[in-house]
Structures are given as structure tokens and as C-alpha cells.
Amino acid sequence: MLLLRKDVRAELGKEPGDSVEVVVELDDKPREVEVAQDVQAALKAARQIELFNSLAFSHRREYIRWIEEAKRPETRRHRIQKMTALIAAGKKNRVSSVSVKILRTEGCRSG
């Protein structure tokens, strides 16, 4: 079984449960992330460009996506500073650990 996103199914004209023919090909091209000049400058100034480049593609992509999503220049600058601080602290990504707090509510039953 292969799950397809809704947009892919719509493009193919398929519904859940329909059959599709799939061809799997090896993608061995290098995976690169385009890093804007201001981000590169900040990484170089912090002497972290090599650390950043040593991160897995998915971690580099997440940092850059997060920075690029900033709508205001101040937010972008803050995120770049935060990224360099996180990398300096040895964090591979900006959400290295997630803490979950479970609240108990009297009278609630699950499923």
C-alpha cells in the first residue's frame, strides 16, 4: 500500500482505494539548500559555516525555510541570530526537543 497526498491524487484523478502504477527511480543527485547571502554572512561571521554545511540536508533545509518564511526584516534578522545561537549550542535543528505536558481532566474518558 502506498499513501498519496490529496493534491497528488487530484492531479492523477484518483480516489482513495484506486490503483496506481508507480515507477521508483534512484535519486542520487546531491541535495543542496540555497542559502541567501545575509544568512551566509551571519554564518561566516559566527564561524559556523562549516558546522551548518555539515548538518543533514533536512536540518539545513528546515533552518533556511524557517528564516525565509519571515515576513518582516526584523523577524528575519532575529531568526538568523537564533539559528547561529542554536548551531553554536550544538542544536541540529530549531526544535531539538519537544516537551509535552499532559493535563488530567476529571471525568474525561478516552475513546
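Structure data summary
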item: Glu11 surrounded by 10 or more Cβ atoms within 10 Å (Cβ to Cβ), at pLDDT 90 or above and farther than 28 Å from Val95 by Cα; result: yes
item: Scan of region 21-64 for residues that are crowded, with 16+ Cβ neighbours inside 10 Å and of a type in the set (Phe, Trp, Tyr), ordered by number; result: Phe52, Tyr63
item: Within region 12-88, helices (runs of 4 or more DSSP H) holding 2 or more residues that are polar (S, T, N, Q) and touching a residue at least 12 places away in the same chain (Cβ under 8 Å); result: 73-88
item: Any hit, region 87-103, residues being among the small types (Gly, Ala, Ser), surrounded by 12 or more Cβ atoms within 10 Å (Cβ to Cβ), at pLDDT 95 or above and under 23 Å from the mean Cα position of the chain (by Cα); result: no
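The values are calculated or read from the model by the stated rules, or taken from the named source; none is laboratory data. What you see is a predicted model, and the numbers here were worked out from it, not measured in a lab. Quick reminder, even Gly has a Cβ in these numbers, built from the backbone with ideal geometry, and neighbours come from all protein chains shown.
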